[in-house]
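For reference, the structure is listed below as structure tokens.
The values are calculated or read from the model by the stated rules, or taken from the named source; none is laboratory data. Note that the coordinates shown come from a computational prediction; the quantities given were computed from them, not determined experimentally. For neighbour counting, all protein chains shown are included, and Cβ atoms are generated from backbone atoms with ideal geometry for every residue, glycine included.
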Amino acid sequence: MSERFPSRLDAVLGALTALSMAAALYMALVAAPRERTMGDLQRIFYFHVSAAITGMTAFALNFAASLAYLVKKNRRWDNLALSAAEIGVMFLSMVLVTGPIWAKPVWMVWWTWSPRLTSSLVLCLLYAAYLLLRQYIEDPERRAAVSAAFGIVAFLDTPLVWFSIRWWRDLHPSPMLETGGLAPSMRPALWISWAAFQFLLVYLLRRRFCLESMRDELERLQRLAG
Amino acid sequence: MKEIWAIFRKDLLIELRTKDSLNAMLFFGVVVLVVFNFALESGRDSMRQAAPGILWVAFAFSGTLGLNRTFAAEKENGCLQGLLLVPADRGVVYLGKMLAASVFMLLAEAVIFVFSVVLFNLTVWAEIPYLALVFMIGTLGFTAVGTLLAAISVNTKLREVLLPLILFPVVLPILVNAVEATNIILNAFDSAALRLPLTVMSVFTIVFGTLSYVVFEHVLED
């Protein structure tokens, strides 16, 4: 625990995040062409998709850290799992806010119970439950073990949620990168905002992880002193 | 195997003598049916369409009550430690508890179902074997993950209040598919269409049953 927080790496990461965010804003709002039918409204897509991918990355990290905790029983893995879950919920909330803003003018409704929307919402609820659960267990060791178990359950639940509702009618545009439906002139904006969000994820993760490690250390010292 | 049976038998025996959770589960399930009857205007012919959803909400609510009691007796009497001394893998505690919880839930479901047949004027004689299958798999899936989460929530500050909050998001695939399967049976019978929801429910039950068996010892207090 002797490393200095925040380190030089954090400063570099912070600068990278700020720069790439600025570039992403420019690319998405100015450089990318205006969409023919949706107009400027479509520009929210670059942030919506990037936040979704980044949120999923965070949840996958939570799963890996939860597994690692159950095997290694090292508190650092629990700190990482907590940081990833919190940040994942934040990114997924961004997805769930930007989605309806776009959907109201295009679909005429804020929300529809289509597979992609429903599973994103359930995913957000699952990890909100994870964070809620953590609040009510005081002993740090038990909290870590229990939330690791729940993190694994939550992550494995995601594909099952998807398969349960996939036969529902889907309004959501299919992933454009898979189908190649995104115009080549729009791709740079998406890639850059995706990269900016990934930098943001790593930056936030490190800061949140440091904060949690310091809390841990403080708790340990308090126990020693008291 | 012997240990699972012993735990299962113990829980059944306690329940048989006290009838604590079964009474509560039955009563609550029937109350939910009555509340829905008011919420959806009684006497409409669409009751058969609404029945699958209402039934599973009633099952899930009463099942949560039952699951909350799964570890409550041990917790209150400080017997959890004793139970953990079982001379075998601690996963057998999970399996015994899960089987007992499933039996209670199925018993409650049977009674709630009879009430719903009467209250909603359903004609279901021919469909009963299929419904029983769906209730069985759905219940096993519900308790597979419910027993693990009950063991978690009983050891938190919030106790009973926490269980539904963490259980319902996780168990959603079971509820969605169980409602879907019940709906197919009651409203548009097609045994081919029934296969998909039953498969998803079985996969859920096996995945989470195995996972819970493995991680169970980590979530209990030592």
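The table for this structure:
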| item | result |
| --- | --- |
| Any hit, segment B:134-142, residues being without any contact (Cβ under 8 Å) to a residue 24 or more places away in the chain and either surrounded by fewer than 17 Cβ atoms within 10 Å (Cβ to Cβ) or more than 17 Å from the chain's Cα centre (by Cα) (or both) | no |
| Hits in segment B:194-213 - residues which are surrounded by 15 or more Cβ atoms within 10 Å (Cβ to Cβ) and within 11 Å of another protein chain (Cβ to nearest Cβ) | B:Leu196, B:Pro197, B:Val200, B:Met201, B:Val203, B:Phe204, B:Thr205, B:Val207, B:Phe208, B:Leu211, B:Ser212 |
| Segment A:100-116, residues that are modelled with pLDDT of 90 or more, in a helix (DSSP H, G or I) and either touching a Lys or Arg at 6+ places or on another chain (Cβ under 6 Å) or of a type in the set (A, V, I, L, M, F, W, C) (or both) | A:Ile101, A:Trp102, A:Ala103 |
| Every residue from segment A:180-219 that is surrounded by fewer than 15 Cβ atoms within 10 Å (Cβ to Cβ) and in contact with a Pro (Cβ under 9 Å, 6 or more places away or on another chain) | A:Gly181, A:Ala183, A:Ser185, A:Glu219 |
| Matching option when the condition is within 11 Å of another protein chain (Cβ to nearest Cβ), surrounded by 16 or more Cβ atoms within 10 Å (Cβ to Cβ) and not hydroxyl-bearing (Ser, Thr, Tyr), among A:Leu82, A:Leu126, A:Leu131, A:Leu92 | A:Leu126 |
| Residue in segment B:71-80 that is part of a loop (DSSP other than H, G, I, E, B), within 24 Å of B:Ile185 (Cβ to Cβ) and more than 20 Å from the chain's Cα centre (by Cα) present | no |
| Positions within segment B:162-213 being farther than 20 Å from A:Cys124 by Cα and among the β-branched types (Val, Ile, Thr), in sequence order | B:Val179, B:Thr182, B:Ile184, B:Ile185, B:Thr199, B:Val200, B:Val203, B:Thr205, B:Ile206, B:Val207, B:Thr210 |
| Some residue of segment B:146-162 being surrounded by fewer than 17 Cβ atoms within 10 Å (Cβ to Cβ) and in contact with an Asp or Glu (Cβ under 6 Å, 6 or more places away or on another chain) | no |
| Test: B:Val214 is closer than 20 Å to A:Ala128 by Cβ and at pLDDT below 95 | no |
| Number of positions in segment B:162-175 that are at the interface with chain A (Cβ under 8 Å from one of its Cβ atoms), among the hydrophobic types (A, V, I, L, M, F, W, C) and in contact (Cβ under 8 Å) with a residue 12 or more places away in the chain | 2 |
